[in-house]
Amino acid sequence: MTVEEAIAQLQSPDVSQRYYAAWWLGRFRVKAAVPALLLALQDESDRTALGGYPLRRNAARALGQIGDPQAIPGLRACLQVADFQLRGAAATALGLLGAVQVIPDLVALLTATGIPSALGTEELPQPYPAILLALGRLNAQSAIPAIQPFLAHSLPRVQGAALCTMYVLTQDTQYIDQLLQVINGADTRLQRVLLGDLGETGYLPVAAAMAQTQAEPSFKLMGLHRLLSQWLSTQSQPLDWQALGSVFALMDGLL
């Protein structure tokens with residue numbers, strides 16, 4: 001499929017083709033597709049019985065991957081849509097876009113009460129993990145008081161995201177230690193997800209512990225890849241090649 005075909009497919013009468021096209025355009029970070037994806041972000045026709053918007057979710061994810069700031073207003077509006085997964089996709093995208101102006105919106109979602117749609121639950125009325133990780137990416141120091149209560153959340157998935165974010169914001173390794181405890185006490189399915197959170201910290205010394213979890217090698221590799229990417233993005237000094245080499249050795253051992 002060419003770029004032109006993928007963009008045109010966003011207007012296809014076949015909703016599955018439109019959904020795939022949005023994914024494809026994000027996967028290959030096609031900047032020329034941003035106007036068409038912004039239209040897809042407002043689509044009302046592709047809606048599930050529970051009120052979800054599959055196309056809009058994929059459009060939000062694609063816009064985050066492409067990284068064009070003109071998507072920020074549309075994504076910000078999606079934080080108020082009664083679709084749990086769309087709010088989560090929009091929060092993630094806004095974090096990737098560095099949209100610091102939406103920090104108050106994200107904090108408001110963290111502290112909101114009630115269940116905004118049937119897609120939320122009493123225990124998880126908002127996509128807390130996506131919101132928490134976005135606040136970390138945005139270096140939202142002002143959000144720390146709103147984040148702290150989630151360190152003791154009953155869901156390990158939420159607790160893990162809160163611990164990751166608190167480390168990112170404070171660089172206090174006590175949160176890394178606590179996150180490792182959550183991971184080691186989790187089942188394999190949850191470990192797969194939490195390894196991504198641990199990778200988000202960019203804290204290179206934790207690589208060996210990641211490689212020793214019970215999750216499958218493919219998930220360990222993805223977590224280690226994210227760890228390296230985050231670490232490299234924060235390095236202003238000459239690279240520590242010895243530390244890099246130890247992580248590469250761990251990854252080689254998982255292949």
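The values are calculated or read from the model by the stated rules, or taken from the named source; none is laboratory data. Source: prediction; values computed, not measured. Every residue, glycine as well, gets a Cβ built from its backbone with ideal geometry; the counts of neighbours run over all protein chains shown. Surface accessibility is based on the protein's heavy atoms, side chains included, excluding ligands, DNA and RNA. Shrake-Rupley method; radii C 1.70, N 1.55, O 1.52, S 1.80 Å.
Points to keep in mind about this one:
- Of the residues Pro73, Pro35, the single one that is more than 26 Å from Leu109 (Cα to Cα) and not hydroxyl-bearing (Ser, Thr, Tyr) is Pro35.
- Filtered residue count, the range 195-209, keeping only those that are without any contact (Cβ under 8 Å) to a residue 40 or more places away in the chain, open to solvent by less than 60 Å² (accessible area, probe 1.4 Å) and over 17 Å from Ala162 (Cα atoms): 2
- Matching residues, the range 52-102, being closer than 18 Å to Leu138 by Cα and not in a helix (DSSP H, G or I): Gly67, Asp68, Leu79, Leu97, Gly98, Ala99
- Residues of the range 127-155 that turn out to be under 25 Å from Gly52 (Cα atoms) and either outside any loop (DSSP other than H, G, I, E, B) or open to solvent by less than 30 Å² (accessible area, probe 1.4 Å) (or both), as a count: 9
- Selection over the range 1-39 of residues that are part of a loop (DSSP other than H, G, I, E, B), open to solvent by less than 100 Å² (accessible area, probe 1.4 Å) and under 23 Å from Pro73 (Cβ atoms) gives a count of 2.
- Taking residues in the range 18-39 that are closer than 12 Å to Glu4 by Cα, and partners anywhere that are aromatic (Phe, Trp, Tyr) and at pLDDT 95 or above, the pairs with Cβ atoms closer than 9 Å and at least 6 places apart or on different chains are Val30/Trp24.
- Residues of the range 69-83 include at least one that is at pLDDT 95 or above, touching a helix residue (DSSP H, G or I) at 6+ places or on another chain (Cβ under 8 Å), surrounded by 23 or more Cβ atoms within 10 Å (Cβ to Cβ) and more than 21 Å from Gln126 (Cα to Cα).
- For the criterion of being under 23 Å from the mean Cα position of the chain (by Cα), among the basic types (Lys, Arg) and under 22 Å from Thr121 (Cα atoms), Arg57 passes.
- Just so you know, in the range 216-255 the residues that are at pLDDT below 95, within 23 Å of the chain's Cα centre (by Cα) and not in a helix (DSSP H, G or I) include one that is farthest from Leu138 (Cα to Cα), and it is Gln235.
- Listed by first and then second residue, the pairs with beta-carbon distance under 7 Å, at least 6 apart or on different chains, first residue in the range 218-241 and among the basic types (Lys, Arg), second surrounded by 10 or more Cβ atoms within 10 Å (Cβ to Cβ) and part of a helix (DSSP H, G or I), are Lys220/Leu195; Lys220/Met210; Lys220/Ala211; Lys220/Leu254; Arg226/Gly196; Arg226/Gly199; Arg226/Glu200.
- Qualifying residue in the range 187-197 (condition: touching an Asp or Glu at 6+ places or on another chain (Cβ under 8 Å) and either under 21 Å from Ala130 (Cα atoms) or of a type in the set (Gly, Ala, Ser) (or both)): yes
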